[in-house]
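Here the structure comes first, spelled out in structure tokens, and everything after it is commentary.
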Amino acid sequence: MARFSAALLAFALATSAHAQTFPVKPVKMVVPFGPGGSSDVVGRIMAEGASEALGQPMLIENVPGAGGNIGTARAARAAPDGYTLIECTIGTCAINPSIYAQVGYDLRKDFAPVFLVGGVMNVFTVHPSTAIKSIADLVAYAKANPGRLPTAIGGVGSSNHITPVWFASIAGLDMLYVPFKGSGDSITALLSAQVLFFVDNEPSILPQIKSGKVRPLAVTGPRRSAFLPDVPTMEEVGYKGFVIEPWYGFQAPAGTPRAAVEKLNAAFNAAIRNPRIKPRLEEAGLRLIGGAPERLGEQIKSESERWAKVVKANNIKAE
């Protein structure tokens with residue numbers, strides 16, 4: 001009994017010491033997609049703000065592949081000490097488990113929620129060389145050219161995948177899907193007209209829209225974007241219920257001390273209030289949420305249930 005009590009005391013002292021000293025070295029944030037996409041944009045801005053609040057650098061490691069599954073699975077196996085985080089997206093934390101036979105991780109068992117950053121919306125875009133200027137034009141073109149409209153898929157399982165596939169299913173279209181590792185590669189292909197149609201998250205496609213290099217057709221938010229006020233929502237053009245708001249958050253490996261989770265959560269909350277960081281996130285199209293770690297857990301649960309139904313109803317698979 002005395003030996004058991006001594007072990008408990010040692011554990012309590014170690015936990016207390018960790019809480020008082022964490023972090024004593026840089027924290028690694030794994031972004032499970034390549035550079036240039038919206039996940040990378042959001043991750044880097046948040047890392048900058050959180051680093052300032054923590055007093056330690058937060059370093060980005062891009063680990064793309066398999067729709068974000070490779071990086072997410074790797075992070076699940078990291079030491080649960082608070083020094084490794086994984087960026088959580090609508091794809092990796094809601095859609096992928098429904099469309100992949102194996103993702104390499106278990107959202108309920110392998111991770112501890114840390115922070116929910118907020119959500120954006122997707123934008124339907126085409127190359128400006130086309131005569132397509134509306135969703136109605138897009139539908140007409142796709143029906144007149146079945147299987148011949150090259151459509152970028154910016155990562156299997158991402159909202160950039162699920163959105164055009166769901167739309168095609170509803171509208172009865174046959175698209176020519178061209179898969180890429182992520183949004184950055186898809187944007188490059190769209191700019192060079194290798195593909196003509198791409199649905200992307202607003203943060204990464206907005207600069208290309210503003211420069212006139214791509215043409216926006218509609219957004220997937222419940223209301224119009226403050227940055228694209230002349231672009232209608234999908235609901236406005238007749239697709240009721242077609243609302244998709246990709247979101248971002250951060251998780252830690254399961255078993256990470258609660259004290260470390262709370263410090264990280266506090267740093268991220270400070271970041272979205274930081275007068276230098278907040279405007280940059282909002283200018284990227286983010287509707288900021290924040291709050292306690294449990295808020296991300298609730299988001300993952302509700303979104304997983306929603307997208308499991310959409311995937312099943314539309315027979316969407318990772319191919």
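If you plug each phi of region 228-237 into the Karplus form 6.51 cos²θ - 1.76 cosθ + 1.60 with θ = phi - 60°, what whole-Hz ³J(HN,Hα) values come out, in order, with x for Gly and Pro?
Listing the rounded values in order: 9, x, 8, 9, x, 7, 5, 5, 5, 9 Hz.
Given H placed on each backbone N at 1.01 Å, which residues far from GLY104 in sequence or on other chains put an amide H within less than 5 Å of it?
Counting only residues 5 or more places away or on other chains, the set is empty.
Using a 10 angstrom cutoff on alpha carbons, build the Gaussian network for the chain and name the most mobile of ASN62, ASN122, ASN145.
With Cα springs under 10 Å in the chain, the top fluctuation among ASN62, ASN122, ASN145 is at ASN145.
By how many degrees, 0 to 90 and rounded to 10, does the Cα axis of helix 159-171 deviate from the longest principal axis of the chain?
40 degrees
Could you tell me what percent of the accessible area of the chain is made up of carbon and sulfur, with a 1.4 Å probe and every protein chain present?
Carbon with sulfur: 56 percent of the solvent-accessible area.
Mind checking the per residue accessible area of the chain for me, 1.4 Å probe, whole number of Å²? Intermediate values should be presented prior to the final figure.
Values: 13590 Å² over 319 residues.
So the chain comes to 43 Å² accessible per residue, rounded to a whole number.
How much length is gained on full extension from ARG295 to ARG273, taking 0.36 nm per residue of separation minus their Cα-Cα distance?
6.2 nm
Would you mind computing, in nm to one decimal, how far apart the modelled labels at VAL24 and ASN315 are, each placed 7 Å from Cα along Cα→Cβ?
Simple spin-label model gives 5.8 nm for this pair.
Just grab the label-to-label distance for ASP230 and ASN145, each label 7 Å out from Cα along the Cβ direction, in nm (one decimal).
2.4 nm
Need the list of lysines near LYS317 for cross-linking: C-alpha distance under 30 angstrom, and skip anything on the same chain fewer than eight residues off.
Reachable lysines: LYS109, LYS133, LYS143, LYS181, LYS240, LYS301, LYS309.
Of all DSSP beta bridges in the chain, what percent run antiparallel (nearest 5)?
Among the beta bridges of the chain, antiparallel pairing accounts for roughly 60 percent.
Please state the shape class of region 151-195: rounded when a/c is under 1.5, otherwise prolate if a/b exceeds b/c and oblate if not, all from the C-alpha gyration tensor.
Judged from the Cα gyration tensor, region 151-195 comes out oblate (a/c at least 1.5, b/c at or above a/b).
How far apart, in nanometres, would the label points at LYS109 and SER192 be if each is projected 7 angstrom from Cα along the Cα-to-Cβ direction?
4.3 nm
Using only the Cα atoms of region 193-319, build the gyration tensor, take square roots of its eigenvalues as a ≥ b ≥ c, and label the shape rounded, prolate or oblate: rounded if a/c is under 1.5, else prolate if a/b is larger than b/c, else oblate.
Oblate is the answer for region 193-319, as a/c is 1.5 or above yet b/c matches or exceeds a/b.
Per 0.36 nm of contour for each residue apart, how much would the distance between ASP137 and ILE170 grow if the chain were fully extended, relative to their Cα-Cα spacing?
10.3 nm
Within the chain, what's the longest run with no trypsin sites (Lys or Arg not before Pro) in a DSSP loop and at most 13 other beta-carbon atoms within 10 Å? Give the range, please.
1-76
The values are calculated or read from the model by the stated rules, or taken from the named source; none is laboratory data. Since the structure is predicted, the reported quantities are computational estimates derived from the model, not experimental observations. We place every Cβ from the backbone using ideal geometry, glycine too, and count neighbours over all the protein chains shown. Accessible surface is based on the protein model in full, side chains and every heavy atom, while ligands, DNA and RNA are left aside. Shrake-Rupley method; radii C 1.70, N 1.55, O 1.52, S 1.80 Å.
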